[in-house]
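One structure is given below, encoded as structure tokens.
The values are calculated or read from the model by the stated rules, or taken from the named source; none is laboratory data. Model, not experiment: these values are computed from the prediction. Cβ placement follows ideal geometry from the backbone for every residue including glycine, while neighbour counts extend to all protein chains displayed.
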Amino acid sequence: MGGTVAAPAAPPDGTLTERYRAVRALTEQLAAPLSAEDQTVQSMPDVSPTKWHRAHTTWFFETFCLNGNLPGYRPVDPAYAYLFNSYYEQVGARHPRPQRGLVTRPGIAEIAEYRRRVDEAMDDLLERVVPGRPDLAALVELGLHHEQQHQELLLMDIAHVLSVNPTRPLYDERPVPEPGRPDEAGWVAHPGGIVSIGHTGEGFAFDNEGPRHEVLLRPFAVADRLVTCGEWLEFMADDAYRTPTLWLSDGWYTVQAEGWESPAYWHRTDEGWFVHTLTGFRPVDPAEPVVHVSYYEADAFARWSGHRLPTEFEWEAVAVSVPVEGNLLPAGYLHPRPAPPADGRPRQLFGDVWEWTASAYQPYPGFRPAPGAVGEYNGKFMVDQQVLRGGCAVTPGGHVRPTYRNFFPARARWHFGGVRLAADR
């Protein structure tokens, strides 16, 4: 199985209906290369089956937009309210997340029909009801960005699913780019001082990106590019995965318990280190940014290198001066790229790997969850997680902005997490 697919992209400018159709169509395009079996497997508790992503995003529109708003609408199947709820306690009971891969029915054909019927009803809602309901338009917009998040998760999850298959199947058959040439990292200084952090209110943002507030920073510098696989190989060669003094306590426990000796998806072969990617099993490229490392590994590497990780506020203070569009990956990339030539500015800030920061995921001053069930979207997760910034190779373009706050537990590795170093001045 496998084919050629489009990388996630921002929906085109246009009406809300046009954007809705574009986002929904892309989800189906991303799932198209996958067999029914591919779409049903759950390879670990953190991974969700592809068909679940397709159904859950549909459930979101049905539950929060159609139910109670489109006259005469009835849910496609009452059982879906239980099967495809993710974590919205106020909506009702839900099927346990670790058991999603045990649900063989409904199959992918039934999920496709579910999507078709909800899309048909949404067309009606968007035409007849939404124009007079700004509150409902905002819910539809939230649903679109929610589905774009699941487009990224769909690709991250299927990468893990295919990685545990000993035949190492491809997701995408396009040729892999030629290996790059690593260069020396430079440093970009920032004077510190009082800086404004958070979304300005222009355009869409998730609630956790605000309220905008001021933060005091000491002078600092960030590396002008991401840490490369070649540098990570040096870290490994220096026995770093067996040196307890480099690791936080729980990180060292995790390294031992999980048997880590390299980033996730790396494999030692007679020919050297290889990596499983969405485009196949290939030699590790020393010039590419390292990816699929945990916060614990990022922190240990920073300590080994004599530096540290940036805080999320330092990262944003640097990123706001760098144009987003000019720094995104070319269309069709499904993995990070080697750094472009140095020009004195930070490189690879947007769309290569999610960059771990030293900041715990906490609410900004004055944060309040939205009323109702949608208020469970972000606020309830603001504990025991670390913030990542910048987007990755499989992040839809509409989610790549300086204020976007991603978050994962410190030991997570299956997502596209990488490292940028920082230093005090």
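Miscellaneous remarks
The rows are residues; the columns are (1) modelled with pLDDT of 95 or more; (2) under 24 Å from the mean Cα position of the chain (by Cα); (3) not assigned by TED's automatic domain parsing to the domain that holds ASN378.
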position: GLU28; (1), (2), (3): yes, yes, yes
position: ALA31; (1), (2), (3): yes, yes, yes
position: SER43; (1), (2), (3): yes, yes, yes
position: VAL47; (1), (2), (3): yes, yes, yes
position: LYS51; (1), (2), (3): yes, yes, yes
position: ASN69; (1), (2), (3): yes, no, yes
position: TYR87; (1), (2), (3): no, yes, yes
position: GLN90; (1), (2), (3): no, no, yes
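- THR167 meets each of the listed conditions (1) surrounded by fewer than 17 Cβ atoms within 10 Å (Cβ to Cβ); (2) at pLDDT 95 or above apart from (2).
- 1 or more residues aliphatic (A, V, I, L, M) and touching a helix residue (DSSP H, G or I) at 6+ places or on another chain (Cβ under 6 Å): qualifying strands (runs of 3 or more DSSP E) within region 189-295: 193-197, 213-217, 220-223
- When each of HIS213, HIS199 is tested for being at pLDDT 95 or above, surrounded by 16 or more Cβ atoms within 10 Å (Cβ to Cβ) and not assigned by TED's automatic domain parsing to the domain that holds SER43, the lone residue that passes is HIS199.
- Complete set of residues in region 219-235 that are within 21 Å of VAL322 (Cα to Cα) and either outside the structural domain of VAL293 (by TED's automatic domain parsing) or surrounded by fewer than 21 Cβ atoms within 10 Å (Cβ to Cβ) (or both): PRO219, ALA221
- Among the residues of region 105-116, at least one is touching a residue at least 12 places away in the same chain (Cβ under 8 Å), in contact with a Lys or Arg (Cβ under 7 Å, 6 or more places away or on another chain) and either of a type in the set (A, V, I, L, M, F, W, C) or not assigned by TED's automatic domain parsing to the domain that holds ALA32 (or both).
- Scanning region 300-310 for residues that are crowded, with 18+ Cβ neighbours inside 10 Å and touching a helix residue (DSSP H, G or I) at 6+ places or on another chain (Cβ under 7 Å) gives ALA300, PHE301, LEU309.
- Residue within region 305-317 that is assigned to a helix (DSSP H, G or I), of a type in the set (Ser, Thr, Tyr) and out of contact with any strand residue (DSSP E or B) (no Cβ under 9 Å at 6 or more places or on another chain) present: yes
- Restricting ALA358, ALA339, ALA373 to those that are surrounded by fewer than 18 Cβ atoms within 10 Å (Cβ to Cβ) and of a type in the set (A, V, I, L, M, F, W, C) reduces the list to ALA373.
- For region 170-195, the candidate set comprises residues that are surrounded by fewer than 13 Cβ atoms within 10 Å (Cβ to Cβ) and within 17 Å of SER321 (Cα to Cα); within that set, the residue that is nearest to the chain's Cα centre (by Cα) is ALA189.
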